[in-house]
Protein chains: 2
Amino acid sequence: MRILIVEDEPTLARQLRQTLESAGYAVDSAHDGEEGQYLGETEAYDAVILDLGLPEVDGLTVLDRWRKAGHKMPVLVLTARDSWSDKVAGLDAGADDYLAKPFQSEELIARLRALIRRASGNASSELVAGGVRLDTRSGRVTLDGEPVKMTAQEYKLLSYLMHHKGKVVSRTELIEHIYDQDFDRDSNTIEVFITRIRKKLGADLITTIRGLGYSLQG
Amino acid sequence: MRILIVEDEPTLARQLRQTLESAGYAVDSAHDGEEGQYLGETEAYDAVILDLGLPEVDGLTVLDRWRKAGHKMPVLVLTARDSWSDKVAGLDAGADDYLAKPFQSEELIARLRALIRRASGNASSELVAGGVRLDTRSGRVTLDGEPVKMTAQEYKLLSYLMHHKGKVVSRTELIEHIYDQDFDRDSNTIEVFITRIRKKLGADLITTIRGLGYSLQG
DNA sequence: ATCCTCGACGATCAGAATCCGCATTCCATG
DNA sequence: CATGGAATGCGGATTCTGATCGTCGAGGAT
């Protein structure tokens, strides 16, 4: 999953990035509203963390423009503590959740997870396909009840597929959602990791649709 | 389906081509207005993506000339962000849709699909003929409810026929819309694929009109 | 009018060429 | 040492080509 952070304050931005990366997300960050708006329009994110107090273009404006342009990705808004009006305005402008600063990283991660889950239309934090279960809270994967050890990258790939069960996911889409901005687009890593996942979880789990991409059975 | 890209900026042009090709379109590209105009007049496209800011001949001029010459293919105009006047002028000159740069590839594909669908007079993204259903979004085909596996080329051919249900489609037309510029025009591939499609979906679906081409029942 | 013949066009098949995905190995990094 | 990413060769699926076969229909002969 790939996240965009729009936050001008360098310390907080760095801290956020670290938290998210160690939770297994691919992270891009923007330091002002303009850059944030641009990235949000251009790149494919599974969620955005948006600070409302920004230089150049205000956070609310950015959010509003995204929504008007038809971008539907979940947005988690960061507000100053007890800034009730900000919160209301944010929800009005189309925020999906909000969090008052300061906050604990666990809470951020939890909310983010919930956001992404809701966006993909899943009710529980446990995703199931065939004999495979993936718990997004603990990051554990089991096959027929037996725990399976996954590496970070394998997990990300599998998780994205399971979030989009039934849909045909192109290689490009996978690359866009698993890696951040600068990544060599013609490389066969995706194939390699698909192979590795199949080796661990069985060959039937992931179906290849030749020329289009991969798909997980509903 | 075959698309013409008229875009002078090499990076964007390449990126567009890649996106479209991986979505299964045949792509030609022109790097300035003159070339674009020529191709648009000469070749048969199912849609055109036209950047307004072009060297040599301006995009609007090109569009205007096409329309005056009676070319009716759907045109998706790319405008600079918030360039309201461009948008208005574009729509005046006969653009069918517009998209502000920058944009996400997914959105481009979605709009293109909508454009082509509208042009062929279909309301939904699902095309039906006899017991055969084709969903242009997911790229799946079913016969009497049963999913049928189609190869990329078979799918393209079928899709074109279904978009032009009832009309008699000549072999030349099929070649022009399924392959891009450089393709050997005297080859019997079309016949081969027609045979294969009939084998998968039943012989009655596609009628041969001797000397003219093929046709799908309304 | 009916039948026959011939030519043109379309259908089908088999094999060649090509493309695409897969596995494996290797190297870099931390 | 474990992991992630790059390079390579293999193998099967897909596409294309060329050859052959079948069929339709025009037009002439009866």
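A few remarks follow.
- The residues listed here are A:Glu126, A:Glu173; of these, the one that is within 14 Å of chain B (Cβ to nearest Cβ) and surrounded by 15 or more Cβ atoms within 10 Å (Cβ to Cβ) is A:Glu173.
- Pairs with Cβ under 6 Å, 6+ apart, first in the stretch A:132-148 and over 17 Å from A:Leu205 (Cβ atoms), second of a type in the set (Val, Ile, Thr): none
- Counted residues, the stretch A:108-152 - those being of a type outside the set (Gly, Ala, Ser) and in contact with a helix residue (DSSP H, G or I) (Cβ under 6 Å, 6 or more places away or on another chain): 6
Results for (1) assigned by TED's automatic domain parsing to the domain that holds A:Ser138; (2) among the aliphatic types (A, V, I, L, M); (3) open to solvent by 10 Å² or more (accessible area, probe 1.4 Å), shown as yes or no for each residue.
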site: A:Asp8; (1), (2), (3): no, no, yes
site: A:Arg17; (1), (2), (3): no, no, yes
site: A:Tyr45; (1), (2), (3): no, no, yes
site: A:Lys68; (1), (2), (3): no, no, yes
site: A:Val77; (1), (2), (3): no, yes, no
site: A:Ala93; (1), (2), (3): no, yes, yes
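- For the stretch A:162-195, the set of residues classified as closer than 19 Å to A:Ile5 by Cα and more than 12 Å from DNA strand D (Cβ to nearest atom) consists of A:Glu176, A:His177, A:Gln181, listed by residue number.
- Failed condition for A:Val168, given (1) touching a strand residue (DSSP E or B) at 6+ places or on another chain (Cβ under 6 Å); (2) more than 12 Å from DNA strand C (Cβ to nearest atom): (2)
- Selection count where residues are surrounded by fewer than 21 Cβ atoms within 10 Å (Cβ to Cβ) and within 14 Å of another protein chain (Cβ to nearest Cβ), scope the stretch A:47-59: 1
- Within the set A:Leu112, A:Leu108, A:Leu39, the sole residue that is in a helix (DSSP H, G or I), among the hydrophobic types (A, V, I, L, M, F, W, C) and within 14 Å of chain B (Cβ to nearest Cβ) turns out to be A:Leu39.
- Looking across the stretch A:190-218, the residues that are over 25 Å from B:Gln153 (Cα atoms), more than 9 Å from DNA strand C (Cβ to nearest atom) and not aliphatic (A, V, I, L, M) come down to A:Phe193, A:Lys200, A:Gly202, A:Asp204, A:Gly218.
- Some residue of the stretch B:126-135 being within 14 Å of DNA strand D (Cβ to nearest atom), among the hydrophobic types (A, V, I, L, M, F, W, C) and modelled with pLDDT of 90 or more: no
- Flag for A:Leu212 being within 12 Å of DNA strand D (Cβ to nearest atom) and within 12 Å of chain B (Cβ to nearest Cβ): yes
- The single condition among (1) away from chain B (no Cβ under 14 Å); (2) of a type outside the set (S, T, N, Q); (3) open to solvent by less than 60 Å² (accessible area, probe 1.4 Å) that A:His164 does not satisfy is (1).
The values are calculated or read from the model by the stated rules, or taken from the named source; none is laboratory data. Keep in mind that what you see is a predicted model, and the values were worked out from it rather than measured. Note: ideal-geometry Cβ built from the backbone for every residue, glycine included; neighbour counts use all protein chains shown. Ligands, DNA and RNA are stripped out before the accessible areas are found, and what is left, the full protein with its side chains, is counted by its heavy atoms. Shrake-Rupley method; radii C 1.70, N 1.55, O 1.52, S 1.80 Å.
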